[in-house]
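The structure under discussion appears below in the form of structure tokens.
The values are calculated or read from the model by the stated rules, or taken from the named source; none is laboratory data. Small disclaimer: the values here were computed from a predicted structure and weren't measured. All Cβ positions, even for glycine, are placed from backbone atoms using ideal geometry, and neighbour counts span all protein chains on display. For accessibility, only protein heavy atoms count, side chains too; no ligands or nucleic acids. Shrake-Rupley method; radii C 1.70, N 1.55, O 1.52, S 1.80 Å.
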Amino acid sequence: MAAVAALSYSSVRTYLECPLRWKFLYVDRLPEAPRGYFSFGRTVHSVLEDLLRPLVVPTARLTPAGDAQRTLDDFGGRFSARGRLMSREELLAAYAAHWVSDGYVSAEEESRYRLLGETLLTAYLDDVARAPPTPVALEEHLEAKWEGMAVHGYIDRIDRAPDGGLEILDYKTSRALSDEDVRTSDQLTLYQVLVEKNYAEPVRSLTLYHLRSLRPLTAPRRAEEAVDGLRERFGRASDGIRADSFEPTPGRACSRCEFKSHCPEFKAPPDGERAGLLALVDRFASLRAEEDRLDGELRRAAEELHRAAERLGVHRLSGSARVAIRRREEEWRFRAAAVRELLSANGLADRADPDDPEAVARLLKDPSLPATLRRRLAEAGGRRVRWFWVLEDADGPG
Ligand code: SF4
């Protein structure tokens, strides 16, 4: 049984997409190649943290006992004066210092990204200077116990809401973002849970901040049903990991999965085995085709026998060595509510479970029940009759 380390939003998403990919990443720790857009995102996040750090005024956290801790503001606010924002030159210097070159496919791609970052960060600086936010925490790593599961996440920004409470904000450097994204993001739902388990104030709203357009997309705090849904998904992943359930699950994740050479769904057998396996697969395929052909022939022969038996009014037809015998099987389906009502009205509620068609069908043949009741029970259901053939040796069952 695998030990379950603290679960994050991305680890649960990975597990639910493909448990084997999760194992490659979180147990085997197979490395992934760096990607330019991840490096870019990391750089931009670091600069934004530097930019807004002077504006942070912490707020009360919860102690392990669930009490609100006091903050410096509780001592007269002398300590929590907000600092000044960076100048444009300082921002660009921070950008240069934080730049990560890993993963760009070409110098041209890297310089395109570099220019994009410069444009959006300087525009963001102007925006922030016009309307400075009120952060209480930046790049905050929060952990919590949630229904017995250890969960954690890194939250880009937590702000003080204008009317009290807290706002959660996650920066996105991606191309496109929609209102649907902010309404359904599991990442934001988890952050709400983490913040409310660590801070003394409730979460009021959740925002995905689209940096390319300087547009915040905001949704109100998640309703209980959304939190329950996420808890169920986290529970499913946690149970699967505990049970060492790491089956490959081919799907959308495969297109960006770098572990195909390790994955049984894609891994090729060793060269020395290929010829033997090729012959084996060919033999299996031809046997399967033969099986399908025989299935079809068998079905047609049974139908022909059935027509002959119907026409002649017989159930036994002899061959040279074996006898084909026609058997009848019936399957009943009942409307459980109607059956329940009939049984209760006749004081027979304990005689059969209305949801068990076989038990109700047995009542139809029970001579101790009044014939009218049996007829009404039959009317509360429907019957499907199936004929099939068995073979016996000509001189007895075989
Ligand atoms: S290639 Fe697809 S099925 Fe295999 S581990 Fe990766 S995501 Fe899973």
* Pairs, first closer than 20 Å to residue 38 by Cα in the stretch 85-105, second open to solvent by 30 Å² or more (accessible area, probe 1.4 Å), C-beta under 6 Å, six or more apart -> 94/50; 98/46; 100/42; 102/34; 103/34; 103/35; 104/110
* **Contacts under 6 angstrom Cβ, first residue in the stretch 5-24 being touching a residue at least 12 places away in the same chain (Cβ under 8 Å) and part of a helix (DSSP H, G or I), partner more than 8 Å from the ligand (Cβ to nearest atom) and charged (D, E, K, R), 6 or more apart** => 9/186; 19/247
* Unique residue being out of contact with any strand residue (DSSP E or B) (no Cβ under 8 Å at 6 or more places or on another chain), within 16 Å of the ligand (Cβ to nearest atom) and not aromatic (Phe, Trp, Tyr) when the list is 313, 296, 251, 272 -> 251
* If we scan the stretch 202-219, do we find a residue that is among the hydroxyl-bearing types (Ser, Thr, Tyr), free of Cβ contacts under 8 Å to residues at least 12 places away in the same chain, more than 23 Å from residue 17 (Cα to Cα) and open to solvent by 50 Å² or more (accessible area, probe 1.4 Å)? -> yes
* Asked: Which of the following residues is open to solvent by 60 Å² or more (accessible area, probe 1.4 Å) and touching a helix residue (DSSP H, G or I) at 6+ places or on another chain (Cβ under 6 Å): 163, 126, 102?
  -> 102
* Asked: Just one of 251, 313 is open to solvent by less than 80 Å² (accessible area, probe 1.4 Å), small (Gly, Ala, Ser) and more than 28 Å from residue 391 (Cβ to Cβ); which is it?
  -> 251
* Checking residue 244 against (1) within 16 Å of the ligand (Cβ to nearest atom); (2) surrounded by fewer than 12 Cβ atoms within 10 Å (Cβ to Cβ); (3) on the phi < 0 side of the Ramachandran plot, the condition it does not meet -> (3)
